[in-house]
Amino acid sequence: MFFFSFFMTIIKNLLKEFRSFFDFDLNNSGFTNVFFVKTLQITMLLGYGGVIISSVLIMPSHIVFNFFIFSFLLTMLYLYVRSFENFLISKIAFLIIDISFLNTLFLLNGGINGPTLLVFVICFTLFVFFTEHLFQKFVIGVFLANLFLFMIIQYKFAYLIHDYLNYKMHFADNILIIFVSIVAEIPLVLFIQRYFVKSKLKMEEADRLKSAFLANMSHEIRTPMNAILGFSEMLRDKTISDTDKSHYLDVIRENGKILLQLINNIMQLSKIDAEIINLKESPIHLKTFLSKVLESFRNDLQRKSHIKTSIEVPINDHELVVLNDELMLFQIVSNLVANAIKYTDYGLIQLGYFLTEDRDSLIIFVSDTGIGIPESAKEFIFDRFRQADEDYSRDFSGSGLGLSICKELTLLLRGEIWVESKEKVGSTFYLSLPLHFASTDQIKIKKHQMN
């Protein structure tokens, strides 16, 4: 009774994992690795099921024990791969465990008269499915060599094989393995089906977004370019007043800045995709840093005179100097401030920072009293080519790249970014970064370089 209760407790806990069987991330580790984890997951669960069923059918104790050892080792391996995501080592370990189980099953369950060859074919197919390149060839070689070993044992050393005590036990064992194999195949086949259906939907969505992006880019490039060409042509009129001339030059300069920002965003994404961005850590005096960010938007803020700005810093850490990539951090925060200015006509824009209670992380925030973000848009607001308002006739221009760049750069800094927002009230963007204090020597070196 205790034996049965023990395994029921294990099954109950593992079923929590089974409920999330179809919850997978296509962008996580690639299909073969995700499929490997799911195969390991379902095999582990069915292993414990085999222990219980073989116990209920009063199978020989060595068969029950074989199932138990197999399931226990798979549990340890599953916990390892979920914790460390070392897929190559995990696949090699799974191969060793699986081959050991098959050989033990062959010797204890009647050799070729038992269900081992059926399990062998299923395992071989699954291993070929989630391995690649040289390792896949190695796996094929191991399985074929093991099949040859089965033939030698069956015909040369048959006395090593434990035969069934009676026909009923033979029949029950084969039915059990066939049932377990079918139960294992159904969720794995459904997983593959859902995976590729979801992949197809993602590809279609990506194509749609790229098409929308290209159409938007055409609009975003033509609009400032037309303004530059148009007002440049008007400057050729010698009868215009100095006031008008100054206004035309302002328009040309502002539209030039819009084009430059668009080009910078596209180049930044190209660098991120090519993985050619290197971190260059240096001491950053946060209060001064935030002041520099605001200062870079002085002209934009002067045109929106109804907006007030402030910098909020903790009293105890108002002279905080941290170690991070200043250029990358400037790009993130300035993108957030640019959005705050764009979507705010009245009210307040605040920049600031604070430390978490354990002083393990730095939180930088940018808040505004602008139009806010719809709840439905929060889940994709950091995706490429996406905006809260994706209608072509929307009120605000933009390529939909700014926030996606913020997210990509934040990940490079090993941080997180998220937003809290309410429509017609405002938004607050939070940037969480690992906290590294700059040493006195590092601060002195930076001051010397600046001088």
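Taking region 308-320 as the search range and keeping residues that are at pLDDT below 90 and not in a loop (DSSP other than H, G, I, E, B), which one is farthest from SER296 (Cα to Cα)?
ASN316
Considering only residues of region 360-383 that are touching a Gly at 6+ places or on another chain (Cβ under 9 Å) and among the acidic types (Asp, Glu), which is surrounded by the fewest Cβ atoms within 10 Å (Cβ to Cβ)?
ASP383
Mind listing whichever residues of region 151-164 are surrounded by fewer than 10 Cβ atoms within 10 Å (Cβ to Cβ) and not in a helix (DSSP H, G or I)?
none
Closer than 26 Å to LEU262 by Cβ, crowded, with 17+ Cβ neighbours inside 10 Å and at pLDDT 90 or above: is that true of LEU401 in this structure?
no
Let me spell it out: the conditions are (1) free of Cβ contacts under 8 Å to residues at least 24 places away in the same chain; (2) over 18 Å from MET328 (Cβ atoms), and GLY256 meets all of them except one. Which number is the exception?
(1)
Sort through GLY352, GLY372 and tell me the only one that's of a type in the set (Gly, Ala, Ser), within 15 Å of GLU420 (Cβ to Cβ), assigned by TED's automatic domain parsing to the domain that holds LEU286 and assigned to a strand (DSSP E or B).
GLY352
Regarding region 174-190, can at least one residue be identified that is of a type in the set (Gly, Ala, Ser), surrounded by fewer than 13 Cβ atoms within 10 Å (Cβ to Cβ), assigned by TED's automatic domain parsing to the domain that holds LEU45 and modelled with pLDDT under 80?
No, the conditions are met nowhere in region 174-190.
Scan region 157-178 residue by residue and report those that are free of Cβ contacts under 8 Å to residues at least 24 places away in the same chain and under 15 Å from VAL119 (Cα atoms).
ILE175
Farther than 20 Å from VAL183 by Cβ and modelled with pLDDT of 85 or more, is that true of THR104?
Yes; evaluated as a whole, the condition is true for this residue.
Failed condition for ALA438, given (1) more than 20 Å from HIS318 (Cβ to Cβ); (2) buried (at least 18 other Cβ atoms within 10 Å of the Cβ); (3) modelled with pLDDT under 90; (4) of a type in the set (A, V, I, L, M, F, W, C), with all others met?
(1)
From the set of residues in region 273-301 that are part of a loop (DSSP other than H, G, I, E, B) and of a type in the set (S, T, N, Q), which is surrounded by the fewest Cβ atoms within 10 Å (Cβ to Cβ)?
Result: ASN278.
Since PHE148 meets every condition but one in (1) modelled with pLDDT of 75 or more; (2) surrounded by 11 or more Cβ atoms within 10 Å (Cβ to Cβ); (3) assigned to a helix (DSSP H, G or I); (4) not hydroxyl-bearing (Ser, Thr, Tyr), which condition does it not meet?
(2)
Need the failing condition index for ALA340 against (1) among the small types (Gly, Ala, Ser); (2) at pLDDT 90 or above; (3) under 23 Å from the mean Cα position of the chain (by Cα), just the number.
Looking at each condition in turn, ALA340 falls short on (3).
Could you say whether any residue in region 117-139 is closer than 19 Å to ASN66 by Cα and in contact with a Pro (Cβ under 8 Å, 6 or more places away or on another chain)?
Checked region 117-139: no residue is closer than 19 Å to ASN66 by Cα and in contact with a Pro (Cβ under 8 Å, 6 or more places away or on another chain).
Just one of ILE258, ILE272, ILE311, ILE277 is touching a helix residue (DSSP H, G or I) at 6+ places or on another chain (Cβ under 7 Å), over 22 Å from ASN339 (Cα atoms) and among the β-branched types (Val, Ile, Thr); which is it?
Step by step, each of ILE258, ILE272, ILE311, ILE277 is checked, and only ILE277 is touching a helix residue (DSSP H, G or I) at 6+ places or on another chain (Cβ under 7 Å), over 22 Å from ASN339 (Cα atoms) and among the β-branched types (Val, Ile, Thr).
The values are calculated or read from the model by the stated rules, or taken from the named source; none is laboratory data. If you're wondering where the values come from, they're calculated on a predicted model, not measured in any experiment. Note: ideal-geometry Cβ built from the backbone for every residue, glycine included; neighbour counts use all protein chains shown.
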